[in-house]
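S.K.: This is the structure I want to talk about, given as structure tokens.
The values are calculated or read from the model by the stated rules, or taken from the named source; none is laboratory data. The structure presented is a predicted model; accordingly, all values stated were derived computationally and were not measured. All Cβ positions, glycine included, derive from the backbone under ideal geometry; neighbour counts span all protein chains shown. Please note that ligands, DNA and RNA were not included when accessible areas were found on the heavy atoms of the full protein model with its side chains. Shrake-Rupley method; radii C 1.70, N 1.55, O 1.52, S 1.80 Å.
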Amino acid sequence: MSDQANKTRMLPDEDASTQEKQLSATPELDSLPVKPQERYKFLRSIGFGGMKAVLLVHDLDTDREVAMAMMPDFRERPPADLERFVREAKLTAGLEHPNIIPVHDIGKDSSGSPYFTMKYLRGTALSTVLRRLGGHNQKTVESFNLQKLLRIYLRICNAITFAHSHNVCHLDLKPENIIVGAYGEVIVLDWGLACKTDDNGNAVMPPDWRRKGTPGFMPPEQIATDPRFPLGKHSDIYSLGALLYSFLTLSAPGAGAGGIEEQLRLTVTGQLPPPSAVAPEGRTIPAALEAICLKAMALAPANRYSSAEAIGKDIIAFQNGYAPVAENASALRRSSLFISRNLALLLIVFLALAVILLVLFIWWDH
């Protein structure tokens, strides 16, 4: 970590007092313990996104590799960014769930730079999986059929259900923020936009949070600037629907709209085409899954699923051969599904009746 800290650009002397005043006015940062720099040995950079860099470091205390998020330009950042960084670390640390990235340590180094360490994930981003599926990569096609994707999806729903039970909404669900491991692990990460929610499930967030996110996966209320339409748990429900959309079509909702602004317009007006209209040639979209997707992505939050758990239950219903709530199945459709689920049993009953009738016929004939 010290190697990275030495790379941090120092500001001119005349700005030093202003910087120190800003940093001293950040209670979230002040509350962090100072950790010895020699605890972590820098190995390599993993990536950079938003306001943080992610490094691979060796934790000498536990003798393991961990991922470290830090702010190399923290002295140039306004107090709001520093508070957001620390908030993300503490909020994520409070969400201990098998499908949520675990946070190991939070602190700041001797220069005052905040950091937090996480499990180093060895896996593939879901966005890469979907891209390879779209490119007909044979190995990926064999490894990730629709049933496998739905099992991954259920784990994502479990993670969001858990977060919502702790009054936290993610607000940035997208394939890039989900890692799939080689042994079945599914991890939701990057809780940088996550917020606590009030008793109504609405996000308690800074005013500049709107329009932060990713086109296609942001709900209409996250794109609009009207405070009458708050973000919250219902926003994650929409993003879960958008994730399912990408599983079915192998692309983000509205990706072929001809530009980001048009994509955002279609989202805000609820005019995104259904998955079956944009699915790659030869890719079958089950009507039941499309119904689940469209219900989760309803323009009005009141018309969406009431919870991430409810989406998961509908997915499980589909997997088990039942009609999901979203499908509003007719009696004929439910009867057809009943026959499909119980075909073997019905055949046994039919054969048993046939044998009984044959025995009775022979007995009567004699």
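S.K.: For Ser31 and Arg122, what does the FRET efficiency come to when R0 = 30 Å and r is the distance between their Cβ atoms, rounded to the nearest 0.05?
M.R.: Efficiency for this residue pair is about 0.40.
S.K.: Loop only per DSSP, at most 13 neighbouring Cβ atoms within 10 Å: give me the trypsin sites (Lys or Arg not before Pro) in segment 158-221, ordered by residue number.
M.R.: Within segment 158-221, the qualifying trypsin sites (Lys or Arg not before Pro) (loop, at most 13 other Cβ atoms within 10 Å) are Arg211.
S.K.: Counting pairs of alpha carbon atoms under 8 Å apart in space and at least six apart in sequence, what relative contact order in percent does segment 216-324 give? Before the final figure, lay out the partial values.
M.R.: Numbers: 135 pairs, mean separation 32.2, N = 109.
With pairs under 8 Å counted, the relative contact order is 30 percent.
S.K.: Pro102: net charge of surrounding residues, Cβ under 9 Å, Lys/Arg +1, Asp/Glu -1, itself excluded? Show your work: numbers first, answer last.
M.R.: Values: positive: Lys119; negative: Glu96.
Around Pro102, the surrounding residues sum to 0.
S.K.: Oh, and also: Take the Cβ-Cβ distance between Glu142 and Tyr183 as r, set R0 to 25 Å, and report the resulting FRET efficiency rounded to the nearest 0.05. Walk me through the intermediate numbers first.
M.R.: Values: r = 17 Å, r/R0 = 0.69.
It comes out at approximately 0.90.
S.K.: Follow-up. In the structure displayed, which of Lys139/Lys174; Lys108/Lys212; Lys174/Lys233; Lys52/Lys108; Lys52/Lys196; Lys196/Lys313 lie more than 18 Å apart, Cα to Cα?
M.R.: Details: Lys139/Lys174 23 Å; Lys108/Lys212 27 Å; Lys174/Lys233 15 Å; Lys52/Lys108 14 Å; Lys52/Lys196 21 Å; Lys196/Lys313 25 Å.
Over 18 Å Cα-Cα: Lys139/Lys174; Lys108/Lys212; Lys52/Lys196; Lys196/Lys313.
S.K.: If you don't mind, there's one more thing I want to ask. Suppose a student asked you for the relative contact order of segment 86-240, using Cα pairs under 8 Å spaced at least 6 residues apart; what percent would you report?
M.R.: Details: 222 pairs, mean separation 34.5, N = 155.
Relative contact order, segment 86-240: 22 percent.
S.K.: Next up: Between the DSSP loop rule and a limit of at most 16 other Cβ atoms within 10 Å, which GluC sites (Glu not before Pro) in segment 80-183 are left?
M.R.: Filter output for segment 80-183: Glu96.
S.K.: May I pose another question? Heavy atoms only, 1.4 Å probe, whole protein assembly: order Met118, Met70 by accessible area, highest first.
M.R.: Numbers: Met118 30, Met70 0 Å².
Heavy-atom accessible area, descending, gives Met118, Met70.
S.K.: Which of the peptides 52-61, 309-318 is most tightly packed, and how do the rest follow, going by the mean number of other Cβ atoms within 10 Å of each residue? All intermediate terms of the calculation are to be shown ahead of the outcome.
M.R.: Numbers: 52-61: 17.7, 309-318: 19.6.
Taking the mean over residues of other Cβ atoms within 10 Å, the ranking is 309-318, 52-61.
S.K.: Here's a follow-up. With every protein chain left in place, what is the accessible area of Leu357 in Å² (1.4 Å probe, nearest 10)?
M.R.: The value for Leu357 is about 120 Å².
S.K.: Taking a quarter of the surface of the convex hull around the Cα atoms of segment 132-261, what do you get in nm²? All intermediate terms of the calculation are to be shown ahead of the outcome.
M.R.: On the way: hull surface 34.0 nm².
Mean projected area of the Cα convex hull: 8.5 nm².
S.K.: Now a separate question. Distance in nm between label sites at Glu262 and Asn303, each 7 Å beyond Cα in the beta-carbon direction?
M.R.: Label-label distance for Glu262 and Asn303, simple model: 2.4 nm.
S.K.: Summing Lys, Arg as +1 and Asp, Glu as -1, what charge do residues with Cβ under 12 Å from the Cβ of Ala252 carry, Ala252 excluded? Numbers along the way, then the final one.
M.R.: On the way: positive: Arg131, Lys174; negative: Glu176.
Residues close to Ala252 contribute a combined charge of +1.
S.K.: Taking a ≥ b ≥ c as the square roots of the Cα gyration tensor eigenvalues, with a/c under 1.5 meaning rounded and otherwise prolate when a/b beats b/c, else oblate, which class fits segment 53-113?
M.R.: Note, shape of segment 53-113 comes out oblate.
S.K.: Which value, in Å² and to the nearest 10, is the accessible area of Thr269 when all protein chains are kept and the probe is 1.4 Å?
M.R.: 60
S.K.: Can you give me the distance in nm between label points at His58 and Leu43, each placed 7 Å from the Cα along the Cα-to-Cβ direction?
M.R.: 0.9
S.K.: Counting other Cβ atoms within 10 Å, keep those with at most 13, restrict to DSSP loop, and tell me which GluC sites (Glu not before Pro) in segment 219-286 are left.
M.R.: Working: sites: Glu221, Glu261, Glu262, Glu281; in loops: Glu281.
Of the GluC sites (Glu not before Pro), the ones in loops of segment 219-286 whose Cβ has at most 13 other Cβ atoms within 10 Å are Glu281.
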